[in-house]
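One structure is given below, encoded as structure tokens.
The values are calculated or read from the model by the stated rules, or taken from the named source; none is laboratory data. Every value quoted in this text rests on a predicted model; they were computed, and no experiment measured them. Because the Cβ atoms are built from the backbone with ideal geometry, glycine has one as well, and the counts that use them run over all protein chains shown.
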Amino acid sequence: MSRLNAWPPTQPPGPTPPGGSSASAEIARGKPPMFNDLEPCLMPIVERPPVAMTRGEGSYLWDADGRRYLDFIQGWAVNALGHAPPEVSGVIAAQAHRLLTASPALHNDQAPRLARRLCDLSGLAAACFTNSGAEATEVAIKIARKWGRLYRQGAFEIITTEDAFHGRTLAAMAASGKPGWDTLFPPYPPGFLRVPFGDPRAVRQAIGPRTAAVLVEPIQGEAGVIVPPAGYLRELRDLADAAGVLLMLDEVQTGIGRTGLLFAHQYEAVRPDVMTLGKGLGGGVPVGAVLVSANANCLSNGEHGGTYHGNPLACAAGLAVLDVVAEEAFLSRVRELGEELRVALQRIGSDTGGVVRGRGLLWALELREARAQAIRDRCFASGLVVNAARPNVVRLMPSLRVTSAEIAAAAAILASAIRATMTAPATADAACSDPPDPTSLLLPHPRDERCTRSVPGGAAL
Ligand SMILES: Cc1ncc(COP(=O)(O)O)c(C=O)c1O
């Protein structure tokens, strides 16, 4: 049996040892005991380092052995207010004692309040809730198709962009442009037309009688924080208006203050017809949302739904997050902190030939070489969690409440990891072959064998 997330991932294939598969032998050799017992029961769909996180507070995570990590991915931009924010945990504890879930067939007292708050904040007319960002994409696709059938002579096609990321359900994958996905699970649902990101002329050329909608991210997060040219969303808005098609914005990653305004499209003073939200909205509790203009509010009874949609626990969390994030003083602090992170990354970039991109507290450093995973691994070994969004791109998405001191600490570890990685030979184990990083936040650990190899997990970290 070959395991996609066998540890270490670079183990060359070899003969099966007596008494077990080579994968289980790898696990037995490299993993702490709990993983030997428990991890084989997880489907091998995500590579992860062999540590289990057990506690979080603000910008920090702790693993089962008490190691502390400065977390600059925050659940992939999910924990808008950091780990275990008291405003959210207090509200969900109280809500859990009152009502966890009623039924999607019954109103509860939280979902309509969250819908109202999101409509007021976005200027859109109505909202529905989902469990995830991918599911919000599904709803957006349904809206485009229904709307095209009702108002545009059966138009059903959605123009999307290369390198886009809209989630991992089949239709969301079809809408995405992630390299390598096209061949994974064909056949995909048809009806998507991909054009280069950041190029309004390509959208203009692609719009035709079958087009129902244009779907883009204001900034492409998973692609490595690709910021389109200024005016892109404004031009797409004008094109959509002129052609009579919907403009749908995926703000799952960029929304809820991540870029320094509540929604990233507000930088261009445009309003979409459909907006998807997720991640930061629940502050760590799974919830997604789709907001529509009055014109796009076309789904009827029974055309979408789900057992947990709009459950009071998730919606109470969403309201608690918005109470903090939607305040202008909070957003202005996000912009200031974002500027500090940009300056710190810029310094690292100019020392190492890297390019810095991003906005607010969503940043990427594109490296000269494809060594992002080794850098991520070295950072992890030094107590900093970052993401290798692409082979040559390190991405950072700290808590929106990150402090200046935490930014400085993260930048010091990252700079040192980049220097060490760029001068080390390009092997998978290079990450930990040097003496420990003097900027490490980690206390010495009795079982430091984990720092003698690189940490896997392009997807995980
Ligand atoms: C822009 C964007 N859309 C959709 C999704 C999918 O969200 P989820 O993982 O909650 O399904 C993501 C996740 O990274 C995303 O970044």
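In the set (1) of a type in the set (Val, Ile, Thr); (2) surrounded by 19 or more Cβ atoms within 10 Å (Cβ to Cβ); (3) under 30 Å from residue 135 (Cα atoms), residue 307 fails one condition alone, (2). Restricting attention to segment 342-385, the residues being more than 15 Å from residue 407 (Cα to Cα), of a type in the set (A, V, I, L, M, F, W, C) and part of a helix (DSSP H, G or I) number 5.
Checked against the criterion of being in the same structural domain as residue 149 (by TED's automatic domain parsing) and in a helix (DSSP H, G or I), the candidates 291, 281 yield just one match: 281.
Please count how many residues of segment 63-74 are surrounded by fewer than 17 Cβ atoms within 10 Å (Cβ to Cβ) and modelled with pLDDT of 95 or more. Of the residues in segment 63-74, 3 are surrounded by fewer than 17 Cβ atoms within 10 Å (Cβ to Cβ) and modelled with pLDDT of 95 or more.
So that you can scan it fast, the table gives a plain yes or no per residue for (1) closer than 22 Å to residue 167 by Cα; (2) within 17 Å of the chain's Cα centre (by Cα); (3) acidic (Asp, Glu); (4) crowded, with 24+ Cβ neighbours inside 10 Å:
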residue: 278; (1), (2), (3), (4): yes, yes, no, yes
residue: 295; (1), (2), (3), (4): no, no, no, no
residue: 298; (1), (2), (3), (4): no, no, no, no
residue: 311; (1), (2), (3), (4): yes, no, no, yes
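Within segment 175-200, the set of residues being of a type outside the set (Ser, Thr, Tyr) and either surrounded by 22 or more Cβ atoms within 10 Å (Cβ to Cβ) or within 13 Å of residue 216 (Cα to Cα) (or both) comprises 175, 177, 192, 193, 194, 195, 196, 197, 198, 199, 200. Just to verify a result, which residue in segment 257-284, among those that are of a type in the set (Val, Ile, Thr) and touching a strand residue (DSSP E or B) at 6+ places or on another chain (Cβ under 7 Å), is nearest to the ligand (Cβ to nearest atom)? Ranking the candidates gives 276 first. Scanning segment 203-213 turns up at least one residue that is more than 30 Å from residue 86 (Cα to Cα) and within 16 Å of the ligand (Cβ to nearest atom). Tallying residues that are over 11 Å from residue 248 (Cα atoms) and in contact (Cβ under 8 Å) with a residue 40 or more places away in the chain within segment 269-279 yields 3. Yes or no: residue 297 away from the ligand (no atom under 14 Å from the Cβ), in contact (Cβ under 8 Å) with a residue 40 or more places away in the chain and not charged (D, E, K, R)? Taking the combined requirement at face value, the residue satisfies it. Say whether the condition of being in a loop (DSSP other than H, G, I, E, B) and either more than 15 Å from the ligand (Cβ to nearest atom) or outside the structural domain of residue 124 (by TED's automatic domain parsing) (or both) is met by at least one residue in segment 317-335. Checking segment 317-335: at least one residue is in a loop (DSSP other than H, G, I, E, B) and either more than 15 Å from the ligand (Cβ to nearest atom) or outside the structural domain of residue 124 (by TED's automatic domain parsing) (or both).
State which residue is farthest from the ligand (Cβ to nearest atom) when the search covers only segment 230-246 and only residues that are closer than 15 Å to residue 201 by Cα and of a type in the set (A, V, I, L, M). Filtering first and then ranking leaves 242. Each residue in segment 89-141 was checked for being crowded, with 19+ Cβ neighbours inside 10 Å and part of a strand (DSSP E or B), and 4 of them qualify. Regarding segment 115-131, can at least one residue be identified that is away from the ligand (no atom under 16 Å from the Cβ) and more than 20 Å from residue 288 (Cβ to Cβ)? For segment 115-131, residues away from the ligand (no atom under 16 Å from the Cβ) and more than 20 Å from residue 288 (Cβ to Cβ): absent.
Going through segment 397-413 one residue at a time, which ones are assigned to a helix (DSSP H, G or I) and hydroxyl-bearing (Ser, Thr, Tyr)? Of everything in segment 397-413, just one residue is assigned to a helix (DSSP H, G or I) and hydroxyl-bearing (Ser, Thr, Tyr), namely 404. Here 427, 403 are screened, and the one residue that is modelled with pLDDT of 95 or more, surrounded by fewer than 17 Cβ atoms within 10 Å (Cβ to Cβ) and touching a Ser or Thr at 6+ places or on another chain (Cβ under 9 Å) is 403.
Looking at this structure, is residue 103 of a type outside the set (A, V, I, L, M) and modelled with pLDDT under 95?
yes
Look at segment 365-379: where a residue is assigned by TED's automatic domain parsing to the domain that holds residue 222 and under 9 Å from residue 394 (Cβ atoms), no partner that is surrounded by fewer than 24 Cβ atoms within 10 Å (Cβ to Cβ) and of a type in the set (A, V, I, L, M, F, W, C) sits 6+ places away or on another chain with Cβ atoms under 6 Å.
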